[in-house]
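**Q** Mind looking over this structure? Questions follow.
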Amino acid sequence: MHIRPFASALALGATLLGFAAPPARAEPSAEDLVNAFEAVLGPIRTHRPSHAKGTCAAGQFVATAEGTRLSIAPTFSGQRVPALIRFGVGVGNPQGSDTSRTTRGLAIRFETPAGDVWEQANISVPIFGAPTPEVFVQNLMARRPDPATGQPNAERVAAFVAANPAVTFQGRWLASNNPPASWATTPYWGVNTFRFRGQDGTVRPARWVFEPRAGTLRLTEEQMRALPGDFLADELRRRVAAGPVEFDMVLQFPAAGDDLNNPTVAWPEDRPRAVVGRLTVAEVAPGPGGPCDRISFLTLEQPPGVEMSDDPILQARAGAYAVSLSRRTQ
Ligand code: HEM
């Protein structure tokens, strides 16, 4: 988890000198983060509290020569790396609709033949809905249902949003970009910044996006009204049966002044980019379930060559995913 050196030093100083330090603002624990989902959605023990709906798939990743140069991680060796993939719909309920104005997910577990694992979970929006774990929890808590009405308290939500405008950025993006027409026709962004360690020893901060080789295609308003709530999984099965579904993994590098640690703000599109590999989806599970169910797709263990940045949201994620996984598999 993210540690605040200043807060720890303050607490230590207070103990040594025998005076009471002002209470440091506690960062939410991994349990707090998952409890905040449950405050809104109710107790969850059978599915994920986020991207509850999803379909498992499998394929492979092959790095480009540029990818091999930019990262020493085994996934970027240039050899074929098997990948377990979960496509998701960013809702808290497994029966949520595929036409909902929410994110779509692309979660990947790469595992090299030598057993090196790298997991990641990406979304179809370039930004996240909260700048820090504290704001993430407060945002959900502001939206928890009022016991008297069963609905969120509109005044409380409005006051929170007015004080924290960054929580509206992702919703505004979703309001002006209709949901994808297919899991295969949207980019998926990693959103958080990572540090790529290259063959030359240089460490470069970067964010990534998986760009669909099929191009970006979104639902029309008419399709959003007419399509059934479940169409994405069958559409993907049909596509994959007709030929491989592919994405190019592209790194984006920041310029001076770009904020590395705030995932609610995307870096400008003109930043330098490098195509580092291609992900191919080769098969899709025939129904729900499968090996994806027992995986959380984000662990604290990052491979050498793709290290976590200080982005506080990224630092908080792995712990929350582990707690969530243990609740639904206990
Ligand atoms: C403090 C910030 C965040 C928290 C607390 C959080 C929490 C969670 C939790 C608890 C799950 C379910 C894990 C499981 O049960 O396996 C999850 C899934 C997911 N999250 Fe996050 N998340 C955060 C930020 C993000 C960000 C920034 C992204 C985008 C890059 C993201 C993308 C996803 C995706 C795609 C899934 C579904 C993965 C799958 O299909 O298994 N999350 N998140």
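The values are calculated or read from the model by the stated rules, or taken from the named source; none is laboratory data. Since we're looking at a predicted model, the values are computed, not measured. Cβ placement follows ideal geometry from the backbone for every residue including glycine, while neighbour counts extend to all protein chains displayed. Only protein heavy atoms, including side chains, enter the accessible area calculation; ligands, DNA and RNA are left aside. Shrake-Rupley method; radii C 1.70, N 1.55, O 1.52, S 1.80 Å.
**Q** Under the 0.36 nm per residue contour assumption, what length would be gained going from the current alpha-carbon distance of SER176 and ARG271 to full extension?
**A** 31.9 nm
**Q** Continuing with the same structure: Return P(r) of the chain (all Cα-Cα pairs; 20 Å bins starting at 0; whole %; ordered from short to long distances).
**A** 29, 59, 11, 0
**Q** Which whole-number percent is the relative contact order of region 25-81 (Cα, under 8 Å, 6+ apart)?
**A** 24
**Q** With n ≥ 4 as the cut-off for DSSP H runs, can you work out [θ] at 222 nm for the chain, using -39500 (n - 2.57) per run divided by the number of residues, rounded to the nearest 500?
**A** Computed mean residue ellipticity for the chain: -8500 deg cm²/dmol.
**Q** Follow-up question, since we're still on this one. With only Lys, Arg, Asp and Glu charged, each at its Cβ (+1 for the first two, -1 for the last two), find how big the charge dipole of the chain is about the Cα centre; round to the nearest 20 debye.
**A** 320
**Q** Describe numerically, in nm with one decimal, the distance between label points set 7 Å from Cα along Cα→Cβ at ARG144 and at ALA256.
**A** Each label point is offset 7 Å from its Cα along the Cβ direction, giving 4.7 nm.
**Q** Quantify, in whole percent, the carbon and sulfur part of the accessible surface of the chain (1.4 Å probe; protein heavy atoms only).
**A** Carbon and sulfur together cover 57 percent of it.
**Q** Is the C-alpha gyration tensor of region 129-227 telling us rounded, prolate or oblate? Criteria: a/c under 1.5 is rounded; beyond that, a/b larger than b/c is prolate, otherwise oblate.
**A** oblate
**Q** Any idea of MET308's accessible area? Nearest 10 Å², probe 1.4 Å.
**A** Probe radius 1.4 Å; accessible area of MET308 about 30 Å².
**Q** Something else now. Note down the net charge around GLY105, summing +1 for each Lys or Arg and -1 for each Asp or Glu among other residues with Cβ under 11 Å from its Cβ.
**A** Summing Lys/Arg as +1 and Asp/Glu as -1 gives +4.
**Q** Right, next: Give the relative contact order (percent, whole number) for region 25-182; include only Cα pairs under 8 Å separated by 6+ residues.
**A** 21
**Q** Something else: What shape does region 33-94 take by its C-alpha gyration tensor, where a ≥ b ≥ c are the square roots of the eigenvalues and a/c under 1.5 counts as rounded, a/b above b/c as prolate, and the rest as oblate?
**A** In terms of gyration-tensor shape, prolate.
**Q** Heavy-atom accessible area per residue, the chain, 1.4 Å probe: how many Å²?
**A** It amounts to 47 Å² per residue over the chain.
**Q** Under 8 Å for C-alpha pairs, at least 6 residues apart: give me the relative contact order for the chain, rounded to a whole percent.
**A** Reported as a whole number, the value is 24 percent.
**Q** Grab the other residues whose beta carbon is less than 11 angstrom from that of ILE44, score K and R as +1, D and E as -1, and report the net.
**A** With Lys, Arg at +1 and Asp, Glu at -1, the neighbours total +3.
**Q** Grab the Cα-Cα distance for ALA154 and ARG225, subtract it from 0.36 nm times how many residues apart they are, and report the gain in nm with one decimal.
**A** 22.9 nm
**Q** Tally Lys/Arg at +1 and Asp/Glu at -1 over every other residue whose Cβ is under 14 Å from the Cβ of ILE72; what's the total?
**A** 0
**Q** Please work out how much accessible surface SER100 shows to a 1.4 Å probe, ignoring ligands, DNA and RNA, in Å² rounded to 10.
**A** 30
**Q** Here is a further query. Take the alpha-carbon positions of region 62-192, form their convex hull, and give its projected area averaged over all directions (one quarter of the hull surface) in nm².
**A** Spelled out: convex hull of the Cα atoms, projected over all directions, averaged, 10.7 nm².
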